[in-house]
Structure formats: C-alpha cells, structure tokens
Amino acid sequence: MAEALEKKLELRVIAPTMATGKSPYKFKKTVDMVIMRCTTGDMGILPGRVPCSMVLDTGILRIFDEDSDVKERHMAIMGGVAHVSDNVVTILSDAAQKPSDIDVEKVTAELKEFRRLFDETPDLNQKQIYRKDIQRCQVQLDVAATTNK
Amino acid sequence: MPSMKAIKRRRLTVKNISQITKAMNLVATSKLQRARANKSAIGKPVQATFDIVYNTVSDASAQEQPFVKPREEIKTTAYVLITSNRGLCGGYNSNVCKALAKHAKQNEKNAVIVPVGTKGRDFFKRRGGNLVETAPPSETPNLAEAKVVADNIVKMYENGEVDEVYLVYTQFFTVLSLEPIVRKVLPISPDYLRRVVGADLKEGEEWEDLGFFAKPDPKPASSVNQDVEFDSGIAEVLRNVIPWYLSMYVYAAMASSALCEQAARMTSMDSATKNAGDIIEKLTLMFNRQRQSIITQEITEIVSGANALQ
C-alpha cells in the first residue's frame, strides 16, 4: 500500500477537437490526485485505486500535482466517462476546456440568455434543458476564474 | 495519319496533363507524410479507449447488455462506409465500395449505408442503395466529425432501426498494399475485442491487427480479468462508453482511409505521369515520321519535276 501511495497517477483526457492533425489528448500529465464530478457525486482518485469506471457529469475536474509550478489545475468537463486502472486515469469527455480555452464574455452572455429563457418558458422539459445549459456556463465561468491559465 | 498540327497540339495537351499529374503526385506525397503522422498520433488514444471498452464489456454482467448481446433476429445491417471526397486516386474508392456491395450481397439482409465521404455516397446513390444522408467530412479527419457519425449509429441501433453495424474502410499496409476491410463493430464481441487489445492471448491465438495502433505489450496477469467497480452501474457506464468506442473506431478508420487515399493518389499519379511520358514519346516519333515523310515527298516532287524539265 505504501508503495502504491508513493507512485503517481497518469491522467489522460481525451476530447473531440476540430483542430486537425493534432492528438486527441486534451491533457496528458503525471499527477498526484484528481477529483472529478461523477453522476453519483464527487470522486477523488489517488494512486493505488482499484480499477473502476464511472459516468461523469458536467463539472470541474480538479488536478493536483505537488511537483508542478501550479499545484492545482481546473478543467471544465461536460460529461463523459472515466476509467481508472493501473494508476492510469483515462477521461473520455464530450468537451473538456482549460481556463485559457474559455471566452468569458461569450459565456457570460450565454448564461444571461439561458437564465432569461429558463424563467420565461413554462415547459418543464425545456426548463430541464436550459438548467443543463446554465450549469455548463457556470462551470465554464468557475474554471475561467481560476488562476492556472 | 493525323496532321502534324494535330499531333503537335495533342503532344502539348499530354505534356500539360503530365505537369498536373506530376504536381498532384508531389502534393499527395507531402499529404501522405502528414496523414501518416496524424494516424500514428491517434494510435495511443484509440488503444486507451479500446482498453476501457474491453475492461467494461469483459465483465460478466455486461454479457446481457444491449450493445453486447447479439439480437436474435437480424433484419437490417448498417454499413458505415468511409471513402474520400475527391477522385483521381485510382481504384481506392471503387474497391472499398465494391467490398461493401459484395459483403451486403453475401449477408442477404436489408442494408442501410451511412456514407462518410461523397464518393461512396454517389456510388450507392447511382445504384439505388438505401442511404442515410450525412454531411461530407472535411479533408483531414477529426474526432468531432467521427463523434457525430457514431452518435447517429448508436441512436439507430438503440431505436432498433438496425440490428448490427459494420465499418467499411481501407486498411494501410504499405504504400502499394491497401486493402478494403469490412469489420463488425456492433454488437461488440468481447472475445474479438480481447484479441484486438492483446489481453490474455491463449496459445495459438494471434493479436488482431486493425491497423490503428502498434502491437501492445503482453499485459500482466494483474491487469486482465481484474474486477472493475462500476460506480453508476454497468448499464449506465456501457451506455456512455459505447459512443466513445464507436467514435474512436470511426475516427481511426477515417485516419487510416485518409492515409490510403493519399497513397493511392500518389501511386496513380505517378503511373499517370509515366504513361504521359510514354505517350509524348510515341507522339514525338509520330511527328518526326510525318515531318520526314513530307520532306521526302517534297524532294521526290522536286527531283521528278527537274527530270521532267530535262
């Protein structure tokens, strides 16, 4: 167990990108710990974790690395799946954004618009869709507010 | 025998065409390098995704899940056909289309074709195939486009519109050896996937090379057949993993096909340039013969005219 704790995790984030000719790895690094938002709640992964698969919700992926200049990084993850096996955490996400990828002005305007639509629509199913959009925008703004740009 | 003027004009035309084919050959050579780099760059992510899918579907509880359990009655088969948007690449497009047509004929099921690339779409449109309209892909494959195709297939499979899905693409072996391949992607066979990811290979069993990634190292016993925890239940995980599996499969097939397209274009343009050279040589010979015969005829006329005056 002690040996496992001394080790580090390899984090790989794969997300679709329209940039051609580039690797689909959005992020690939050796880290100490990751905390991700799953559909069942937040889950922290440390080295030595038993193999597991989980479904991700829209939320912030928190990446901790003591050896790096930036001790804690944040990424916006818009759903997907994660798998942990042999100290490798692989995240397959529909969209993953670093703080530098987020256009704060655009997202703020979108958030305002979605809130207005949410308040105006009487349809409950439509409200559910707008709620998800609002959640996505809020996660993006939270990530953009972090300093690890 | 055509006139000298006509031969000269034809020779000039062939020369111009050979210049174009030569330029296209050079462009294809450069694009081939890029396509090769692109294909090798996605190898690891594809392998990582396949490993995850294998770890999920190999679980005993996954065998009864919809994407793993084969349907009792197969009525309709979907074929995802990957071709190029452009021609002038020899038999590349027609070979892969013919491979699909042959498989569909042998399969004897209703075939629905999901074309990725306009050439394949046009081929089956002319033959009256049952096509699903899709947007033509961009020149260089990307995961976002592959995901759109994959999500569409998953929806069709879940709705029961199709009962099995095949992927038809061209596998790259060498520049001169390109092979059209028809592979079943849904429902997933855990045993086949085990051979693809090279896990727990039994004696006499060989690693299944899809041409997407290099042969994986033999996996340690601890990493195979290990119990995986499913945080939100196997059905939910599988429902989210399958679109990813298909996206990466389609993406890798698109990258492989893009590489084959450039290889096919390079070889066909190379042979076109060589053929143009041969034609120019023949036309030059014909032109010289024609010129010589006119000169000979003129000399004969002058000599016979001089003889007549004496």
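Within segment B:267-286, whose backbone N sits under 15 Å from a point 7 Å along Cα→Cβ of B:Thr174?
Backbone N within reach: B:267.
Got a sec? How would B:Tyr249, B:Tyr54, A:Tyr25 order by Cβ neighbour count within 10 Å, fewest to most?
Sorted ascending by nearby Cβ count, the order is A:Tyr25, B:Tyr54, B:Tyr249.
Given only helices, namely DSSP H runs of n ≥ 4 each adding -39500 (n - 2.57), what is the per-residue ellipticity at 222 nm of chain B, to the nearest 500 deg cm²/dmol?
One gets -21000 deg cm²/dmol as the mean residue ellipticity at 222 nm.
Provide the net charge surrounding A:Met75, with neighbours chosen by a C-beta distance below 10 Å and charges set as Lys +1, Arg +1, Asp -1, Glu -1. Provide the component values of the computation, followed by the final result.
Working: positive: A:Lys26, A:Arg62, A:Arg73, A:Lys98; negative: A:Asp101.
It works out to a net charge of +3.
Using only the Cα atoms of segment A:27-91, build the gyration tensor, take square roots of its eigenvalues as a ≥ b ≥ c, and label the shape rounded, prolate or oblate: rounded if a/c is under 1.5, else prolate if a/b is larger than b/c, else oblate.
It comes out oblate by the Cα gyration axes.
Which of rounded, prolate or oblate describes the protein assembly as shown when judged by the alpha-carbon gyration tensor and an a/c cut-off of 1.5?
Values: a/c = 2.40, a/b = 2.17, b/c = 1.10.
Because a/c hits 1.5 or more and a/b exceeds b/c, the protein assembly as shown counts as prolate.
Compute the longest continuous run of chain B that contains no exposed GluC sites (Glu not before Pro); treat a site as exposed when its DSSP state is not H, G, I, E or B and it has at most 10 other Cβ atoms within 10 Å.
B:207-310
Classify segment A:50-121 as rounded, prolate or oblate, taking a ≥ b ≥ c as the square roots of the eigenvalues of its Cα gyration tensor: rounded when a/c is under 1.5, otherwise prolate if a/b is larger than b/c and oblate if not. Please report the intermediate quantities before stating the final value.
On the way: a/c = 3.55, a/b = 1.65, b/c = 2.15.
Oblate.
Taking chain A as the reference, fit the longest principal axis to its C-alpha atoms, fit the long axis of helix A:104-120 to the helix C-alpha atoms, and give the angle between the two in degrees, 0 to 90, nearest 10.
Roughly 50 degrees between the two axes.
Exactly which trypsin sites (Lys or Arg not before Pro) in segment B:1-96 are in a DSSP loop and have at most 12 other Cβ atoms within 10 Å? Let's see the in-between values first.
On the way: sites: B:Lys5, B:Lys8, B:Arg9, B:Arg10, B:Arg11, B:Lys15, B:Lys22, B:Lys31, B:Arg34, B:Arg36, B:Lys39, B:Arg71, B:Lys75, B:Arg86; in loops: B:Arg71, B:Lys75, B:Arg86.
Passing both the DSSP loop test and the Cβ count: B:Lys75.
So what is the relative contact order of chain B, in percent, for Cα pairs below 8 Å that sit 6 or more residues apart?
Details: 445 pairs, mean separation 98.5, N = 310.
Here the relative contact order equals 32 percent.
Across peptide B:160-167, how many C-beta atoms of other chains are within 10 Å of each residue C-beta, on average?
If you average over the peptide's residues, the count of other-chain Cβ atoms is 0.
Calculate I(q)/I(0) for segment B:34-190 by the Debye formula, one identical point scatterer on each C-alpha and no solvent, and give its log10 at q = 0.09, 0.19 Å⁻¹ to two decimals.
For the requested q values the scattering log ratios are -0.31, -1.37.
Hull surface divided by four, with the convex hull built on the Cα atoms of segment B:191-278: how many nm²?
That works out to 8.8 nm².
Once you list every other residue whose beta carbon is under 15 Å from the beta carbon of B:Phe230, what net charge do they have if Lys and Arg are +1 and Asp and Glu are -1?
In short, -4.
Report the one residue of B:Ala101, B:Gly198, B:Gln65 whose Cα lies farthest in the direction of the positive end of the charge dipole of the protein assembly as shown (charges on C-beta: Lys and Arg +1, Asp and Glu -1; origin at the Cα centre).
B:Ala101
Arrange the following residues from fewest to most other Cβ atoms within 10 Å of their Cβ: B:Asp227, B:Asp200, B:Asp59, A:Asp42. Show your work: numbers first, answer last.
Details: B:Asp227 9, B:Asp200 16, B:Asp59 20, A:Asp42 12.
With the sparsest Cβ surroundings first, the list reads B:Asp227, A:Asp42, B:Asp200, B:Asp59.
Order these by the 10 Å Cβ neighbour count, fewest first: B:Ser18, B:Ser58, A:Ser68.
Least crowded to most crowded, the residues run A:Ser68, B:Ser18, B:Ser58.
From the helices alone, meaning DSSP H stretches of at least four residues, give me the mean residue ellipticity at 222 nm for chain A, per-run term -39500 (n - 2.57), in deg cm²/dmol to the nearest 500.
-9500 deg cm²/dmol
Quick check: residue separation of B:Ala214 and B:Lys125 times 0.36 nm, minus the Cα distance between them. What number comes out in nm?
Full-extension gain reported as 28.4 nm.
For segment A:54-146, which GluC sites (Glu not before Pro) are in a loop by DSSP, counting at most 15 other Cβ atoms within 10 Å?
A:Glu66
May I ask you to list, by number, the DSSP H helices of chain B whose Cα span along the axis is at least 30 Å and whose average Kyte-Doolittle hydropathy reaches -1.0 or more?
For chain B, where a helix must reach 30 Å along its axis and average at least -1.0, the hits are B:4-57, B:234-309.
Tilt of helix A:124-144 relative to the longest C-alpha principal axis of chain A, in degrees (0 to 90, nearest 10)?
Orientation of helix A:124-144: about 50 degrees from the principal axis.
What is the spin-label model distance, in nm, from A:Lys112 to B:Leu309 if the labels are put 7 Å beyond Cα along the C-beta direction?
Between A:Lys112 and B:Leu309, the label points sit 10.2 nm apart.
Report the charge-dipole magnitude of the protein assembly as shown in Debye, nearest 20, computed about the Cα centre from +1 at each Lys and Arg Cβ and -1 at each Asp and Glu Cβ.
Details: 62 positive and 57 negative charges, 602 e Å.
Here the size comes out at about 2900 debye.
A short reminder: the numbers here are calculations on the coordinates, not readings from a lab. Source: prediction; values computed, not measured. With ideal geometry, Cβ positions are generated from the backbone for all residues, glycine too; neighbour counts draw on all protein chains shown.
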